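Take a look at the structure set out below.
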Amino acid sequence: MKKTLIFLFIIFLCVGSSHSEIMKLADIQPGMQGEGKTIFKNTKIETFKFKVLGFIEKFVPDKNLIIVEIESPVLEGGGILEGMSGSPLYINGQIIGAVSYGFSFSKKPIAGVTPIENIIETSDYNNQKFFIDISNIKVEFDKKSIKNVIHLIQKELTKRINFSPVSSISPIKLISTNKGINPSVLSYLKPVFTPLSNIKFSKNIKKNVINNNLFKISEGDAASIPLIKGDFEYSASGTVTYVDGKKIYLFGHPFFNLGTVDFPLHKAEIISVVPSYQSGFKLAASKNMIGAVLQDRFSGIQGELGAKPYMIPLKVFLKNRNRKFDIKIVNHPLLTPSLSAISLMNILSSEYQQYGFQSLRIKGKIFIENEKNIVLDDLFSGMDSSYEFTNLILAINFFLMNNREKRIKIQKIDFEISSSEIIKRANIENVIINKNSFMPGEIMRVKLIFKKERGSSAVEKINVKAPNLEPGSDFYLMVADKDEMANFDSKNIKSAYFPIKLNSLIRAINNLRKNNRIYFKILAPVKSLFIKGYEYSNLPQSLRNVFIFNSSSNVQSEMKYSTLMEYQMEVPAVVKGKKLFKLKIKKR
């Protein structure tokens, strides 16, 4: 209740300065001079001079670019600073646009300026929600499939941010600031964040008493978009271009060009300007929240002052470290999967051995509004255990948030993690069955012999019921790890079926086989049908003929073997191996 009242008070305080008059592109001529605004240090808005050099017509269809040369002692001997994106320019007190593009390897501060008319148009777009068409992707979670998902995310984001039609002109980079994040985990998805300058910087900003200056925002102020915030932070900063009541416009070019979004918008402070032979930049620190970003478009970012964005809470408890992490990540189908993986990897790398042998025992839930929860309970062991876990979460969130049926709301993500530097792996060395023929329903006594990582052996026993088949029938018992079972299923079920219904997708994810389980599958050499994620082994011939006639459908396939039963046994190790037995039902 207290937090709600504070935020309502903040909404009341969040106001923009009165907006400037606009000078249309048609009224701008080469040779005109004017003044620009930006922050070079702290929160003081400073001015600089500029001169219009000309225009690039049809920079993109229906959009032109103004070319100016900036005069400022801060920029002498170099190009435009990273972090100046969005700096407003004025001629005779009228705003003409925002500094937004720079020229590669330029020794002069020559900039491309997005006209103000194009920037303001970003608020005219409808609120169509973003999603990725994943209809041609099979829902699988093996290492190869997960890498394909990561590649798809990287490719989609890279395509959206590498948008300049002129090779020598590129968007001025935003300032990326991280606090408490291991730089190596940012390189984990490096192509995603190439437009940002990954500067690890921390500054203790005094907690000021709430006052109007903290929440008042003006043209030329610094602002940031936190993607991750809480116990550690990751944000990108630029400059405010134009304020019209509660509407605020920034950057003059896209963030990730994602369309309609719901990201937090914070005021920012510029710590200092850092000169560089390659490209100078501002050092920024994110401050208090002032609203939300609503549009991420080609000509800029548009937000609303006082709006409250929705962020997904991610809580992690490291059991044997007795340490809790509490963060929030932005809610977006393309960014959330990557940011959840980065956040988890950052936590693991900060607390556990990053590149050594280790085992991670994971228990967690992904809570989805008005739907069943995703429940995770698994063990990961080996040099890549952290990556296997975080990549799995990336893929799960990606499929959930881009499902075909409807947009979901992830309410929170919780994990309890225990770690050990001991490798917990075992191979199935042998499987012994007490005999090779059984009466229907008779107990089969199965003995499993494992070989552990350091050569020692372990024995487990389990009782499995023989199937109720006709006397003289053959059947098979497969004892295998999750990967071997998945390989068998992919050969036996030749279907590209993707769960269209969200509840079917959630069921498929919750039924994922685990690393620390041994699976026992009883099969019969009887043809059956796989239809929309379910196996049908005893269909009447007439109904079976109907489905076979429709065999061209990608939601079904014929199966050579029918699964009669499947059991699982949990073991305290990541298991590998497979054994297959051909058995028989006795004649009475």
Gln94 versus Asn430: modelled label distance in nm, points set 7 Å from Cα along the beta carbon direction: 9.2 nm
Mean Cβ neighbour count within 10 Å, used as a protection proxy, ranking 145-157, 291-303 highest first: 291-303, 145-157
Cα centroid of segment 81-122 to Cα centroid of segment 357-394, whole Å: 45 Å
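Using a 10 Å cut-off on Cβ atoms, rank the peptides 504-512, 472-480, 227-235, 54-62 from the highest mean neighbour count down.
Listed from highest to lowest mean packing, they are 227-235, 472-480, 504-512, 54-62.
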Largest-first ordering by accessible area, 1.4 Å probe, given options Phe255, Phe317: Phe317, Phe255
Integer Hz, Karplus 6.51/-1.76/1.60 couplings in order for segment 34-41, x for Gly and Pro: x, 9, x, 10, 6, 10, 9, 7
In Hz, Karplus ³J(HN,Hα) per residue of segment 290-298 (6.51, -1.76, 1.60; θ = phi - 60°; x = Gly, Pro): 10, x, 9, 8, 10, 9, 10, 10, 4
Heavy-atom accessible area order for Glu76, Glu460, largest first, 1.4 Å probe: Glu76, Glu460
Leu258 long-range amide H proximity, modeled H, under 5 Å: Asp296
Cut-off under 5 Å, modelled amide H: who pairs with Lys287 long-range: Lys267, Ala268, Glu269
Whole-Hz couplings from phi, Karplus 6.51/-1.76/1.60, listed for segment 81-89; x for Gly and Pro: 6, 5, x, 7, 3, x, 4, x, 10
Exceeding the 19 Å Cα-Cα cut-off - candidates Lys44/Lys267; Lys465/Lys576; Lys49/Lys287; Lys173/Lys229; Lys363/Lys452: Lys465/Lys576; Lys49/Lys287; Lys173/Lys229; Lys363/Lys452
Nonlocal amide H pairs with Lys465, under 5 Å, H built at 1.01 Å: Met444
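The values are calculated or read from the model by the stated rules, or taken from the named source; none is laboratory data. Every value quoted in this text rests on a predicted model; they were computed, and no experiment measured them. Quick reminder, even Gly has a Cβ in these numbers, built from the backbone with ideal geometry, and neighbours come from all protein chains shown. For the accessible areas, the whole protein counts, side chains as well, though only heavy atoms, and no ligand, DNA or RNA atoms are used. Shrake-Rupley method; radii C 1.70, N 1.55, O 1.52, S 1.80 Å.
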